[in-house]
Each structure stands twice: as structure tokens, then as C-alpha cells.
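Notes follow once the structure below has been shown.
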Amino acid sequence: MLDTTMPSPPAAHAPVDEPALVRAAAAGDTAAYELLYRRHAPRVFAVLWRLCGGQQARAEDALQEAFLQAWKALPGFRFESSLSTWLHRLGVNAALMELRGRAAGQDHDSLEEVDGGVQELAVHDRCAGTERDLERALATLPPRARAVLVLHDIEGWKHQEIAEQLQMAVGSSKAQLHRARGLLRARLGDMA
């Protein structure tokens with residue numbers, strides 16, 4: 001799990017702009033790399049968690065693998081894309097490899113339940129329930145359909161980018177998105 005309790009490195013010891021941080025981390029500055037990790041890991045993890053169907057352990061494994069690859073590859077980073085885009089792509093690749101490496105049909109980890117100790121407003125409960133239903137339904141989608149839906153509808157990727165990333169035709173990406181949306185609607189209808 002992401003540790004957000006550790007203090008950030010002092011600003012005086014780390015460059016503040018991202019290209020300088022990347023160059024420092026590429027040169028072996030672990031404090032600069034830690035700052036890059038803290039800036040980007042939460043968003044990358046959110047994508048990976050969805051790609052992995054809400055399975056936290058798989059998403060954490062993919063996140064760790066992505067940032068390990070990033071550490072090794074940073075000296076060759078050419079700034080042709082933003083660091084965020086590059087890290088997301090490393091993360092998506094790691095998540096897809098993680099999903100391919102596991103046997104299909106394994107039980108999904110259950111989603112964490114919200115502690116019911118404090119009474120919340122009814123509207124908040126309905127919204128939270130809807131969000132949990134959506135995440136559960138998303139987790140039941142086939143991995144490739146889920147990946148296309150997450151990358152297109154949540155992350156805003158274009159079909160060409162998805163096709164390149166998932167090594168499929170653009171038409172297949174569009175078909176998978178249509179399939180995923182239909183399955184998601186059906187599953188959400190079953191939960192109502």
C-alpha cells in the first residue's frame with residue numbers, strides 16, 4: 001500500500017521542477033526519485049487498481065514493477081513525452097503483464113468494506129454505495145475489456161493509443177469498449 005505518512009524530502013535538498021528532478025534521479029539521487037514517486041504513484045496506482053479489477057495486491061505489484069523499471073530506465077528518458085505519461089505507460093504494461101501472468105479464474109480479492117461506525121447522510125451512503133457497485137461491476141469485466149474501458153473512459157486515452165499499448169487493432173479497441181460498456185450496464189442493472 002502507498003505510504004503517505006513519511007515526510008517529503010526537504011525542498012532545499014531536491015530540485016523543484018520535474019525535469020531537474022528527473023535528471024537528479026537519473027544520476028542516482030534517491031531523494032529526487034522518492035519525490036517523483038510521491039508525486040506520481042497515487043495516480044498511477046489508481047489506474048492500476050482499476051486495471052487489476054480492484055485487486056489491491058496485484059495493483060501494488062504492478063506499481064512496484066513499474067517504478068522499478070522507471071528507476072532503471074530514467075537515465076535514458078528523453079522527455080519526448082511527459083514523465084506522467086511515461087510512468088502511466090510503464091504501469092499499464094506492468095499491470096497487463098501481471099494479469100497475463102496469473103491464471104484466469106482466480107478468486108478476486110474482496111473490496112474493503114467501509115466501517116459503518118459513524119452514521120453518514122443518506123445521500124452520501126447512496127453515492128458511496130453506487131461507487132462500490134461500479135467498482136465491483138468493473139472488477140467483473142474480462143481483463144482486456146476492462147483495460148480498454150479504464151484507459152478510454154477514465155484515463156482519456158484515444159483508441160490509437162490503446163491499440164498500440166494493448167497490441168490490438170483500433171477497431172478491436174472500439175469493439176472492446178462497446179462490449180465493456182454493455183457488460184458494465186448489464187452488471188449494474190443486476191445490482192439494482
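Against the definition (at pLDDT below 95 and either under 30 Å from Val148 (Cβ atoms) or in contact with a strand residue (DSSP E or B) (Cβ under 9 Å, 6 or more places away or on another chain) (or both)), how does Gly117 come out, yes or no? Give the derivation first.
Details: at pLDDT below 95: yes; either under 30 Å from Val148 (Cβ atoms) or in contact with a strand residue (DSSP E or B) (Cβ under 9 Å, 6 or more places away or on another chain) (or both): no.
It is false that Gly117 is at pLDDT below 95 and either under 30 Å from Val148 (Cβ atoms) or in contact with a strand residue (DSSP E or B) (Cβ under 9 Å, 6 or more places away or on another chain) (or both).
If Gly156 meets every condition in (1) part of a helix (DSSP H, G or I); (2) at pLDDT below 90 apart from one, which number is that one?
(1)
Sort through Ala186, Ala147 and tell me the only one that's at pLDDT below 95 and either surrounded by 19 or more Cβ atoms within 10 Å (Cβ to Cβ) or under 13 Å from the mean Cα position of the chain (by Cα) (or both).
Going through Ala186, Ala147 in turn, the sole match is Ala147.
The values are calculated or read from the model by the stated rules, or taken from the named source; none is laboratory data. This one's a predicted model, so the numbers in the text were calculated from it and none came from an experiment. FYI the Cβ positions are ideal-geometry reconstructions off the backbone, even for glycines, and counts take in every protein chain you see.
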